[in-house]
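Just so it is clear, none of the values below were taken in a lab; they were calculated from the coordinates. Keep in mind it's a predicted model, so treat the numbers as computed, not measured. For neighbour counting, all protein chains shown are included, and Cβ atoms are generated from backbone atoms with ideal geometry for every residue, glycine included.
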Amino acid sequence: MEIKTDQPFDLASSLESGQAHRWRLDGDWYAGVVRGNFIKMRQTCGGFEFRSQPSAEETLVPMLEDYFRLDDDLPAIYGEIKQDQRVATMVDQYPGLRVLRTEPWECLIAFICSANNNISRIHQLMERMSETFGEPLHLDGQVRYTFPGPAELAEGGEMELRRLGLGFRAPYVDQAARRVLEGNLDLDQLTVAPYQEAKERLMECKGIGSKIADCIAVFSLEKLEAFPIDVWIRRALAEWYFPNQKKPSDRVLLEWAQNYFGRYGGYSQQYLFHGRRLEKARRQATSSETAQ
């Protein structure tokens, strides 16, 4: 089945920009698990086509439109964020990169696992938890697994999470699962809460600092003003916006970024992050080829 859109849409940039952690590229198809469904999709001229199990494809159209935030008016958002020349350059390079609307519980755990970690390693940890605690899904002769709920992770416990390779993150994931399970962390309520309140509630959980809270807020809790500052963005802001100055603290950078980038800071951040990360990858590839 195909989903068409008249808005800018780039499937690869959207799925490979560090927002979601259960997608694998197989030929020209991306295979992943979203909200309990094994889905394969690929770019088309007018949008993307997909196959799915176990839900019927026609029933998943609204969910996938929601997942890719096709209700966002991306050209209007571009009209605001492209007032910054650096962001405008990244938008021109990666038109159609969408901020995703991921499932809050899975997003919470993924970004707890992101602490002192790289994207590939986060993918591995999410898959290990799914394969250990989730339910099997079958499509085209392949098997993937649903992401486990808080009850499954809490039952598994810290030691099992450590066995899966989560390391120092294991107690944080275990405690987060118990907080959600016991109702002490209501992710649905945080979706409708003001940004600052939602962020503060997230940061009450051990293992969730400012950056992780902002990632969860922008990618799953409808807080497009959130501006996560990780190592890539910290370096980019210092180099591009504060050259030849004393390195600002993260607190100063965050206050500046939220004032400067405004209500669509999450979109600006995602374009800067994606562009900066790929820029470094290209430089490393060129350096390697030159060395040979």
* Asked: Which whole-number percent is the relative contact order of the chain (Cα, under 8 Å, 6+ apart)?
  -> 18 percent
* Other-chain or far-sequence residues with amide H under 5 Å of Y145's (modelled H) -> L137
* To do: Work out the charge dipole of the chain with +1 on the Cβ of Lys and Arg and -1 on the Cβ of Asp and Glu about the Cα centre, then indicate which of P95, N259, L190 is farthest towards its positive end.
  => N259
* To do: Please list, in chain and number order, the residues 5+ apart from A226 or on another chain whose amide H is under 5 Å from its amide H, with Hs placed from the backbone.
  => G266
* To do: Quick one: dipole size for region 102-224, taken about the Cα centre, charges +1 on Lys/Arg Cβ and -1 on Asp/Glu Cβ, in debye to the nearest 20.
  => 520 debye
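Can you give the charge dipole size of the chain about its Cα centre, rounded to the nearest 20 debye, using +1 on the beta carbon of Lys and Arg and -1 on the beta carbon of Asp and Glu?
1300 debye
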* **Average Cα contact separation per residue, region 102-224, under 8 Å, 6 or more apart, as relative contact order %** => 28 percent
* Asked: What do you get when you divide the Cα radius of gyration of region 231-287 by 2.2 N^0.38 Å, with N the number of residues?
  -> 1.21
* Where does each of K223, K199 land when they are ranked from fewest to most other beta-carbon atoms within 10 angstrom? -> K199, K223
* How long are the three semi-axes of the equivalent ellipsoid for region 102-224, computed from the Cα gyration tensor as the root of 5 times each eigenvalue, in whole Å, largest first? -> 23, 16, 14
* Where in region 194-256 are there chymotrypsin sites (Phe, Trp or Tyr not before Pro) that are in a DSSP coil and have at most 16 other Cβ atoms within 10 angstrom of their Cβ? -> none
* Structure fact -> Of the listed links K82/K223; K4/K199; K4/K211; K4/K206, those spanning more than 30 angstrom between alpha carbons are K4/K199; K4/K211; K4/K206
* Structure fact -> Given 10 °C, 1.306 mPa s and a Kirkwood radius over Cα pairs, the Stokes-Einstein diffusion coefficient of the chain in µm²/s is 80 µm²/s
* Along Cα→Cβ, 7 Å out, is where each label goes; now give me the distance between the ones at D188 and K206 in nm to one decimal. => 2.9 nm
* Asked: Which residues in region 63-90 place their backbone N less than 14 Å from a point set 7 Å from the Cα of D6 along the Cα-to-Cβ direction?
  -> 73-76
* Give, to the nearest whole percent, the P(r) tail of region 8-112 beyond 15 angstrom, counting all Cα pairs. => 66 percent
